[in-house]
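Engineer: Shown below is the structure under consideration.
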Amino acid sequence: TPFLPVLWIDALGGGPVLAGQEANFALLFGNTGGFENYAMIRNTFPPEAPFVRSNPPPSRVDPAGLWVEWDIPGLPIGAQGSISLTVMIQPTVPPSTTIEIWDGIFDHTDP
């Protein structure tokens, strides 16, 4: 029986940013289980902090910048990677507002 993939994802960065400025963070991801032949990472962004750019660029982008997806083909056991992201904090965001950005990683069996 082959080992199932065990995918993980985490984010680094964030912190205080003024309204009207860009905020940068990184996604770290990997696989500690069996080989995964097709993973996908999806991020969703609130209207207060839409997506601006990433390295590497996403595979799919919402025109409004409210979600992006990256296809990750071939993620063997022990493999790790990272994605650098930039969002734009909208000028109307009040001081001391916490903005949450959701990210997830899915294996080839997830919908």
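Engineer: Expressed as a rounded percentage, what relative contact order does the chain have, with Cα pairs under 8 Å and six or more residues apart?
Structural biologist: Values: 265 pairs, mean separation 41.6, N = 111.
Relative contact order for the chain comes out at 37 percent.
Engineer: If packing is taken as the average count of other Cβ atoms within 10 Å, what order do 40-50, 89-99 fall into, highest mean first?
Structural biologist: On the way: 40-50: 17.6, 89-99: 11.0.
Most protected by this proxy first, the peptides run 40-50, 89-99.
Engineer: How large, in percent, is the carbon and sulfur part of the accessible surface of the chain at a probe radius of 1.4 Å? Walk me through the intermediate numbers first.
Structural biologist: Values: 3920 of 6600 Å².
That share works out to 59 percent.
Engineer: Next question. Among Thr97, Asn37, Ile9, which residue has its Cα furthest toward the positive end of the charge dipole of the chain, with +1 on Lys/Arg Cβ and -1 on Asp/Glu Cβ?
Structural biologist: Checked the options; the winner is Thr97.
Engineer: What size of dipole, in debye to the nearest 20, comes out for segment 19-111 about its Cα centre when the only charges are +1 on Lys and Arg C-beta atoms and -1 on Asp and Glu C-beta atoms? Working shown, then result.
Structural biologist: Details: 3 positive and 10 negative charges, 39 e Å.
Dipole magnitude for segment 19-111 comes out near 180 debye.
Engineer: Accessible area per residue of the chain at 1.4 Å probe, in Å²?
Structural biologist: Working: 6600 Å² over 111 residues.
Per-residue value: 59 Å².
Engineer: Of all alpha-carbon pairs in the chain, indicate the percentage at a distance above 25 angstrom.
Structural biologist: On the way: 1602 of 6105 pairs.
The calculated P(r) of the chain puts 26 percent of pairs beyond 25 Å.
The values are calculated or read from the model by the stated rules, or taken from the named source; none is laboratory data. Since this is a predicted model, take the numbers as computed values, not measurements. Cβ: placed from backbone, ideal geometry, glycine included. Neighbour counts: every protein chain shown. When the accessible area is computed, the model is the full protein with side chains, heavy atoms only, and any ligands, DNA or RNA have been set aside. Shrake-Rupley method; radii C 1.70, N 1.55, O 1.52, S 1.80 Å.
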